[in-house]
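Novice: To start, I am sharing the structure in question, which I have written as structure tokens.
Just so it is clear, none of the values below were taken in a lab; they were calculated from the coordinates. Not measured: the values here are computed from a predicted model. Cβ sites come from the backbone with ideal geometry, for glycine too, and all protein chains shown count toward neighbours.
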Amino acid sequence: MVKRRKTRPVKLGKVKIGRNSPISIQSMTKTNTADWEGTVRQIHRLEEAGCEIIRVAVPDWQSAKSLSRIKKGINIPLVADIHFLPELALEAISQGIDGLRINPGTISNRAALVKIFKAAQSKKIPVRIGINAGSLPGRRSKSLRKDMAEAALKAMRLCQDLKFYDLIFSLKAFDIEETVGAYQLLAKKCNYPFHLGITEAGPVSAGSIRSAIGIGCLLRQGIGDTIRVSLTADPVEEVKVAREILSALNLRRFGPTIVSCPTCGRCQVDLIKIVSRLEESLKGIYPPNRMKPAIKVAVMGCMVNGPEEARQADIGLAAGRKEGWFFKKGKKIKKIPEKKWVEVLIEEIKKFK
Ligand code: SF4
């Protein structure tokens, strides 16, 4: 059981971050923000996939001016990501965004930061101080983790001077060791909530593994209040991976979890095909943003580990040749023929209480 770090809660639109709130999932659009209709369409796809907070890049005035239209067209909190131009942050705030992300490595002028923080404070908008290894202000030591934590602390001190406490911090690098080390250092110095991520993690396969290891390692230590998986791919993939990370650590459940064996020479059925059919059928019945019930469904390929895994799951099937044993709540219920496996499992999942 993960014991979460006690953090100061922050409200980002309708989503609470920190304290005991569920660890939220966020993503970032990959559209041109100035194309607000295209951006809203992508956000709708992300909402469908289970994204709970969305961030958009705001590199120019046209993008900044599109924010209120984007906000009106979506159902999840909108965060504007600003670099270099402080006036875009002020415009974003006046457009009605729910949160702001700034990077002290790209906006370092104290007077500009004070203006942004005061504007956010007056509108009760939280700000994420997003430190990134690729744009770290004033490197001082040979330790990347220490420099990242120090950059965060410097911004934190400025906000505290202004009595502005609605802050979230992130310390992202490609290197997992440095990222984890930086978050651990900062966790010892404050109780602000953390947004976790491994930056520039790469394409889907490698990036998912990198993110799962880095983010998972921190979450396992109780560190982290909201997560974003960064992938060079459709952002919907980021949400899917984020869900798997939280679900694997039992931090959140999003619907039926399939426990299935890899199969081997003992398996006498096409288990890969059966599990794929089950997975596809579940997607049709429980779209990601309304998945329920959160149960474990075991589908095992033979009688070696099958019966025990099936018994430990809420619903289980231990496959044999042409027929398999069906289990429910730890009890062996009945034998069912192979051609009815998926059908029976789906029926039982639907009526499971
Ligand atoms: Fe092989 Fe059976 Fe184990 Fe599946 S459950 S991997 S078929 S031994």
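Novice: Among DSSP beta bridges whose residues both lie in the chain, state the antiparallel percentage, nearest 5.
Specialist: Of all bridge pairs located within the chain, approximately 30 percent are antiparallel.
Novice: Kindly provide log₁₀ I(q)/I(0) values, in the same order as q = 0.20 Å⁻¹, from the Debye equation applied to equal alpha-carbon scatterers of region 183-297.
Specialist: For region 183-297 at q = 0.20 Å⁻¹, log10 I(q)/I(0) is -1.16.
Novice: Then there's this: With +1 on each Lys and Arg Cβ and -1 on each Asp and Glu Cβ, and nothing else charged, work out how big the dipole of region 202-263 is about its Cα centre, in Debye to the nearest 20. Write down the numbers at each step before the final one.
Specialist: Working: 7 positive and 5 negative charges, 37 e Å.
In debye, rounded to 20, region 202-263 gives about 180.
Novice: Where does each of 334-343, 94-103 land if you order them by average Cβ count within 10 Å, highest first? Write out the running numbers ahead of the final one.
Specialist: On the way: 334-343: 14.0, 94-103: 21.9.
Going from most to least packed, we get 94-103, 334-343.
Novice: Return the tail of the calculated pair distribution for region 1-146, meaning the percent of Cα-Cα pairs more than 24 Å apart. All intermediate terms of the calculation are to be shown ahead of the outcome.
Specialist: Details: 3758 of 10585 pairs.
That fraction is 36 percent.
Novice: Taking amide H atoms as placed 1.01 Å from N in the peptide plane, list the residues 5 or more away in sequence, or in a different chain, whose amide H sits under 5 Å from that of Phe174.
Specialist: Thr199
Novice: Top mean-square fluctuation among Ser66, Ser211, Ser141, Gaussian network model of the chain, C-alpha springs under 10 Å?
Specialist: Of Ser66, Ser211, Ser141, the Gaussian network model singles out Ser141 as fluctuating most.
Novice: Kindly point out which whole DSSP H helices in the chain project their C-alpha atoms 15 angstrom or further along the helix axis while averaging a Kyte-Doolittle hydropathy of 1.0 or above.
Specialist: Working: long enough: 36-49 (20 Å, -0.99); 61-73 (19 Å, -1.02); 110-122 (18 Å, 0.45); 144-161 (26 Å, -0.33); 176-187 (16 Å, 0.58); 204-220 (22 Å, 1.11); 235-248 (20 Å, 0.23); 271-285 (21 Å, 0.52); 341-351 (16 Å, 0.18).
Span-like helices, by this rule, are 204-220.
Novice: Okay, helix-only estimate at 222 nm for the chain: each DSSP H run of n ≥ 4 adds -39500 (n - 2.57), divide by all residues, round to 500 deg cm²/dmol; what do you get? Please report the intermediate quantities before stating the final value.
Specialist: Values: 11 runs with 143 residues, N = 353.
When only DSSP H runs of four or more count, the value is -13000 deg cm²/dmol.
Novice: Return the sequence-ordered ³J(HN,Hα) values of region 4-16 in whole Hz as given by the Karplus equation 6.51 cos²θ - 1.76 cosθ + 1.60 applied to θ = phi - 60°, using x for Gly and Pro.
Specialist: Computed from phi, the couplings for region 4-16 are 6, 4, 7, 10, 6, x, 10, 9, 10, x, 8, 9, 8 Hz.
Novice: Over the Cα atoms of region 214-353, how large are the radius of gyration and the largest Cα-Cα distance (Dmax), in Å?
Specialist: According to the Cα coordinates of region 214-353, Rg and Dmax are 16.3, 47 Å.
Novice: Taking N as the number of residues in the chain, what is its alpha-carbon radius of gyration divided by 2.2 N^0.38 Å? Walk me through the intermediate numbers first.
Specialist: Details: Rg = 22.9 Å, N = 353, 2.2 N^0.38 = 20.4 Å.
The reported ratio for this selection is 1.12.
Novice: Modelled label-to-label distance, Glu37 and Lys331, 7 Å Cα→beta-carbon offset: nm?
Specialist: 5.8
Novice: Quick check on region 215-330: of the DSSP beta bridges with both residues there, what percent are antiparallel, nearest 5%? Don't jump to the answer; show the numbers that get you there.
Specialist: Numbers: 5 of 13 bridges.
If we restrict to bridges inside region 215-330, about 40 percent are antiparallel.
Novice: Modelling each spin label as a point 7 Å along the Cα-to-Cβ direction, I'd like the Lys72/Lys296 distance in nm, to one decimal.
Specialist: Between Lys72 and Lys296, the simple spin-label model gives 4.9 nm.
Novice: How high is the relative contact order of region 209-346? Use alpha-carbon pairs under 8 Å, at least six apart in sequence, and give a whole percent.
Specialist: On the way: 209 pairs, mean separation 22.6, N = 138.
Computed over region 209-346, the figure is 16 percent.
Novice: Under 16 Å from the Cα of Lys328, which aspartates and glutamates turn up, not counting those fewer than eight places away in the same chain?
Specialist: The reachable aspartates and glutamates, counting only those whose Cα sits under 16 Å from Lys328, are Glu308, Glu309, Asp314, Glu343, Glu347, Glu348.
Novice: Let me ask something else. Return the sequence-ordered ³J(HN,Hα) values of region 250-257 in whole Hz as given by the Karplus equation 6.51 cos²θ - 1.76 cosθ + 1.60 applied to θ = phi - 60°, using x for Gly and Pro.
Specialist: Going residue by residue, I get 6, 7, 8, 10, 10, x, x, 9 Hz, with x marking Gly and Pro.
Novice: Could you work out the relative contact order of the chain? I mean the mean sequence separation of Cα pairs under 8 Å and 6+ apart, divided by the number of residues, in percent.
Specialist: Numbers: 728 pairs, mean separation 49.0, N = 353.
Relative CO of the chain lands at 14 percent.
Novice: Neighbouring Cβ atoms within 10 Å as the yardstick, rank Phe174, Phe327 fewest first.
Specialist: Values: Phe174 17, Phe327 26.
Taking fewest neighbouring Cβ atoms as first place, the list is Phe174, Phe327.
Novice: Can you give me the long-range amide H partners of Thr257? Hydrogens built in the peptide plane at 1.01 Å from N, cutoff under 5 Å, separation of 5 or more residues or another chain.
Specialist: Ile295, Lys296, Val297
Novice: Could you pull the Cα extents of region 6-68 along its three principal axes, largest to smallest, in whole Å?
Specialist: 39, 25, 16
Novice: Let me ask something else about it. Taking amide H atoms as placed 1.01 Å from N in the peptide plane, list the residues 5 or more away in sequence, or in a different chain, whose amide H sits under 5 Å from that of Ile168.
Specialist: Val127, Arg128, Ile129
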